[in-house]
Amino acid sequence: MTVEGIIQVTREADDKMVRFQMIRISLLLLLASATLYSQGVNDALRFSEQGIGYSTRALGMGNAYIGLSDDATGMHNNPAGIGLAKRMEFTGGLSYTNMSNASTFFGNTTNYDNSSTKLNNLSFLLPFPTVRGSLVFGMTYNVEKDFNRGMKFDGYNPGNNSFIQNALGVDDAYDLFLTDDDGNTKINGRLNQSGSILESGTVSKWGFSGAIEAYPNLFLGATLNIMNSSYENSREYFEDDLLGIYDTMELAPGYPFTRQFRYFAYSPVYKWDIGGWNMKAGALYQIKDFARVGITIQFPKVFSINEKFEYSASSHFGDGTVKNVGNSGDPSEVEYDIITPFELSAGASYRFYGLILSGQVTAVDYKQTKFSNPEGLSEKDIADINRDIKDQLRAVINYNIGAEYTIPQVGVRVRAGYFVQKSPYQGDDSSFDKKYITGGIGLLLDDNVSIDLAYARGEWNDIGDNYGSGVSRTLQKIKTDNLLLGVGFRF
């Protein structure tokens, strides 16, 4: 071997050693930065925004139930209402949810569906004999919220930006042979960007309720909720050089294989184990036999989250060379709390022969949502997120209306409703509000057994950014179909 050859081999060995050391360093940096990347305003809203609940009767009436709540599902809607129960009651139910998302990305629309079926409710009420008034206790398990959601997108981004240069990080791009030794990349956008996001999990809880008739026709109640929930977000993201723009550019000088860049892939997975608790208190006043008015206060929910983050990233070149980084099998882990805001609600119902009309409003100030008690995250990072929450979110008033008509000759109850959950983001127009139209039917057998079916159709718009703001944005039209089946027994 010539002297020049020995020098060349030595340089290549030195380069490999340098890259090996840089990989070790950048992996640690990536673990820290990628974990931080997972916390943000959307994560806070995941728990702060209302779900659609689990009660077939309530959902059929547009969840306008605070002024009724005279059955076991009142433990969720207005615990004071269970004070009206005169007999033991047991209920159970199943839910089916289908979400469809039409995502438009640089003019190209991609449709995606995701569905789930769950046992969503088991509830028990036990009235106690009293000399005056009423005393009722209850216990319930229910799925308050379903995180079932998904999206796919695929389109050519003609701009001069990419995930590689804007979000991946200099060290990570270097490890994937996408930059020179100073961290500069020749990749300057003009790539096809595609991917998918799949979300799953629930907010499920055990509730322990009690209600009394504190004064004639005035009922007071409260529910203590203990939550045990989960959430998973898995993503695939790709950037492809479909036009061969970078075929002749040597992305990592001295490594000829990097002249034929083909595509970049990134796959993060977030898994949350979640515990939590909160309390809901309510009052209900019955006006003779024709009307009721109710109010509730939902105290902040405290969710304690253990988050595990796992990822892999790779770069692919024309000669078959593949470079990888990742922490598969050894996820990073952080812990923190998310505290949701107070919710104040008021509702009323009016009965006229076999017809019940019901409505309610709920005030929520999403700016009061906050992160706290970090482990593995700095106080500054948490403060920055909380500042974003206050800068981006707003207070809203949601509303619900519903009706139920009983056909006495056949023991059938027909229901319909409508409700709106306002977008919590400042500046959003009404197209971003979640709007649901609902319907339902109930059958009462021998005054002891009831079978109920409810359906809700929801529609709203949403946006998502793969990185930056507005430079790689998906415009989403979301539709959900929710079907609930419930059975009740009274003894």
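The values are calculated or read from the model by the stated rules, or taken from the named source; none is laboratory data. Predicted, not measured: the structure shown is a model, and the values here were computed from it. Cβ coordinates were reconstructed from backbone atoms using ideal geometry, including for glycine residues, and neighbour counts include every protein chain displayed. Each accessible area value is taken on the protein alone, full model and side chains, heavy atoms only, with ligands, DNA and RNA left out. Shrake-Rupley method; radii C 1.70, N 1.55, O 1.52, S 1.80 Å.
Name every residue in the range 264-316 that is charged (D, E, K, R) and either at pLDDT below 95 or under 30 Å from G195 (Cα atoms) (or both), in order of residue number. Walk me through it before giving the result.
Filtering the range 264-316 for residues charged (D, E, K, R) gives 271, 273, 280, 288-289, 292, 301, 307-308, 310.
The answer is K271, D273, K288, D289, E307, K308, E310.
Within the range 223-269, work out how many residues are over 20 Å from the mean Cα position of the chain (by Cα), within 30 Å of A80 (Cα to Cα) and surrounded by fewer than 20 Cβ atoms within 10 Å (Cβ to Cβ).
Going through the range 223-269 one residue at a time, the tally reaches 1.
Can you tell me which residues in the range 401-437 are in contact (Cβ under 8 Å) with a residue 40 or more places away in the chain, part of a loop (DSSP other than H, G, I, E, B) and among the charged types (D, E, K, R)?
none
Quick one: in the range 411-437, which of the residues that are of a type in the set (S, T, Y) and either under 26 Å from S103 (Cβ atoms) or modelled with pLDDT under 95 (or both) is surrounded by the most Cβ atoms within 10 Å (Cβ to Cβ)?
Of everything passing the filter in the range 411-437, S423 is surrounded by the most Cβ atoms within 10 Å (Cβ to Cβ).
Being in contact with a Gly (Cβ under 6 Å, 6 or more places away or on another chain), of a type in the set (A, V, I, L, M, F, W, C) and farther than 14 Å from G40 by Cα narrows it down to one residue among A363, A395, A403, A416; which is it?
Result: A416 is the single residue among A363, A395, A403, A416 that is in contact with a Gly (Cβ under 6 Å, 6 or more places away or on another chain), of a type in the set (A, V, I, L, M, F, W, C) and farther than 14 Å from G40 by Cα.
Which condition from (1) open to solvent by 10 Å² or more (accessible area, probe 1.4 Å); (2) more than 30 Å from A313 (Cα to Cα); (3) of a type outside the set (D, E, K, R) is the one that V136 breaks?
Unmet condition: (1).
Find the residue count for the range 38-83, including only residues that are under 20 Å from A346 (Cα atoms), assigned to a loop (DSSP other than H, G, I, E, B) and under 13 Å from the mean Cα position of the chain (by Cα).
Looking only at that region, the number is 4.
Assuming S115 fulfils every condition listed in (1) within 23 Å of the chain's Cα centre (by Cα); (2) among the polar types (S, T, N, Q); (3) under 18 Å from I245 (Cα atoms); (4) open to solvent by 50 Å² or more (accessible area, probe 1.4 Å) apart from one, which condition is it?
Of everything listed in (1) within 23 Å of the chain's Cα centre (by Cα); (2) among the polar types (S, T, N, Q); (3) under 18 Å from I245 (Cα atoms); (4) open to solvent by 50 Å² or more (accessible area, probe 1.4 Å), S115 misses just condition (3).
Restricting to the range 42-82, count the residues that are among the basic types (K, R) and closer than 27 Å to D462 by Cβ.
1
Can you tell me which residue among D447, D481 is touching a Gly at 6+ places or on another chain (Cβ under 9 Å), in contact (Cβ under 8 Å) with a residue 60 or more places away in the chain and open to solvent by 20 Å² or more (accessible area, probe 1.4 Å)?
The match here is D481.
Taking the condition over 30 Å from G282 (Cα atoms) and surrounded by fewer than 16 Cβ atoms within 10 Å (Cβ to Cβ), does N101 pass?
no
Read through the list (1) at pLDDT 90 or above; (2) open to solvent by 10 Å² or more (accessible area, probe 1.4 Å); (3) not aliphatic (A, V, I, L, M), then give the number of the only condition that N142 fails.
All conditions are met except number (2).
Looking at I187, I164, I245, I197, which is the one that is of a type in the set (A, V, I, L, M, F, W, C) and in a strand (DSSP E or B)?
The unique qualifying residue is I197.
Only one of (1) under 16 Å from I82 (Cα atoms); (2) surrounded by fewer than 16 Cβ atoms within 10 Å (Cβ to Cβ) is not met by G294, so which one is it?
Here G294 meets the rest and fails (2).
Within the range 269-326, work out how many residues are hydrophobic (A, V, I, L, M, F, W, C), part of a strand (DSSP E or B) and more than 18 Å from W206 (Cβ to Cβ). First the steps, then the outcome.
As a first pass, look at the range 269-326 and keep what is hydrophobic (A, V, I, L, M, F, W, C): 269, 272, 274, 277, 279, 281, 283-284, 287, 290-291, 293, 295, 297, 299, 302-303, 305, 309, 313, 317, 322, 325.
Imposing the further condition that a residue be part of a strand (DSSP E or B) reduces the set to 269, 272, 274, 277, 279, 281, 283-284, 287, 291, 293, 295, 297, 302-303, 305, 309, 313, 317, 322, 325.
Still in the list and also more than 18 Å from W206 (Cβ to Cβ): 269, 272, 283-284, 287, 291, 293, 295, 297, 305, 309, 313, 317, 322, 325.
The total comes to 15.
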